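Notes follow once the structure below has been shown.
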Amino acid sequence: MLERVAGVCGELVLRQVDGHCEVIANGTFLMDTRDGASERLLVTAAAERMRAGGRMLIGGLGVGFSLRAALDQPNVGQVVVVERERAVVDWNDTGGPLAPWHGDALAEPAVTVRNADLLEYLAGEPVFEAICLDIDNGPQWTVNEENAALYTGSGLARLRRCLSGGGVLSVWSAAADPGFERALRAEFAEVSVHEIPVPRGEPDVVYLAIAG
């Protein structure tokens, strides 16, 4: 056990197992530092389709794998990370236990971190060339009831308004969700689905959608 804190979503625990770090929320496993392939694809797939030099929004900092991947993409000019759990930001920040896993990415000059709820942040309708969401375990497995609205038609319409013309939305999910895919296709001009095999259970899924 490295740290146990009271977070916005309840109890947050950072623990070390066999040399890797794991984040647990209210007894439920959220993420770890073992692989990160799907978290990286969440960003790289979006970066390949976004306008060069544009701004990318990453919803959910996690263990920093997606942020590091964004900084390594030539098309990404600036990155804004929105993370509502202060402890997660501190664990990833310079000197924190997660910083070595992503090369102290939060210290990069191209990075801005907002300690805020993503839905509240999006209410101002800031505009980005790419938005990458990894704040839940999927559209049907959200960390709170409020987040569920983000994956509906109205929530996706809000996300589209926060994208520039031809902007890219990518969404991480722990499993395929046909209903969410249909909602994406109703709102966006182009949608693709990428499956990433995992050691156990169903593949992780990254949904990629292009605004018209």
Can you tell which of 34, 68, 55 shows the greatest fluctuation in a Gaussian network model of the chain with Cα springs below 10 Å? 34
Mean separation of Cα contacts under 8 Å, 6 or more apart, over the residue count of the chain: relative contact order %: 17 percent
Hey, what D do you get for region 1-51 in µm²/s if you plug the Kirkwood alpha-carbon radius into Stokes-Einstein at 20 °C and 1.002 mPa s? 170 µm²/s
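What number do you get for region 90-138 when its Cα radius of gyration is normalised by 2.2 N^0.38 Å, N = residues?
Working: Rg = 13.0 Å, N = 49, 2.2 N^0.38 = 9.7 Å.
Rounded to two decimals, the normalised Rg is 1.35.
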Geometric extent, Cα atoms of region 35-210 - Rg, Dmax (angstrom): 14.9, 44
What angle, in degrees between 0 and 90 and rounded to the nearest 10, separates the Cα long axis of helix 178-187 from the longest principal axis of the Cα atoms of the chain? 50 degrees
Taking every other residue with Cβ under 9 Å from the Cβ of residue 22 and scoring Lys and Arg +1, Asp and Glu -1, one gets +1
In this structure, the FRET efficiency calculated for residue 112 and residue 148 from their beta-carbon separation, with R0 = 25 Å, to the nearest 0.05, is 0.40
GNM of the chain, Cα pairs under 10 angstrom: of 153, 19, 53, the biggest fluctuation goes to 19
Could you check the simple spin-label distance between residue 51 and residue 35, using points 7 Å along Cα→Cβ, in nm with one decimal? 3.6 nm
Per GNM of the chain with C-alpha springs under 10 angstrom, the most fluctuating residue out of 198, 23, 89 is 198
Using 0.36 nm per residue, how much length does the chain from residue 195 to residue 125 gain when fully extended, once their Cα-Cα distance is taken away? 22.2 nm
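Could you work out the relative contact order of region 6-129, using alpha carbon pairs under 8 angstrom and six or more residues apart, expressed as a whole percent?
Working: 213 pairs, mean separation 26.0, N = 124.
Relative contact order here is 21 percent.
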Theoretical ellipticity at 222 nm over the chain - DSSP helices of four or more residues, -39500 (n - 2.57) apiece, nearest 500: -6500 deg cm²/dmol
Compute the projected area of the convex hull of the Cα atoms of region 1-115, averaged over all viewing directions, and report it in nm² to one decimal place. 6.7 nm²
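Just so you know, all these numbers are worked out from the coordinates, no wet-lab data involved. Predicted model only: the values in this text are computed from it and were never measured. In this analysis, Cβ positions are derived from the backbone assuming ideal geometry, glycine residues included, and neighbour counts consider all displayed protein chains.
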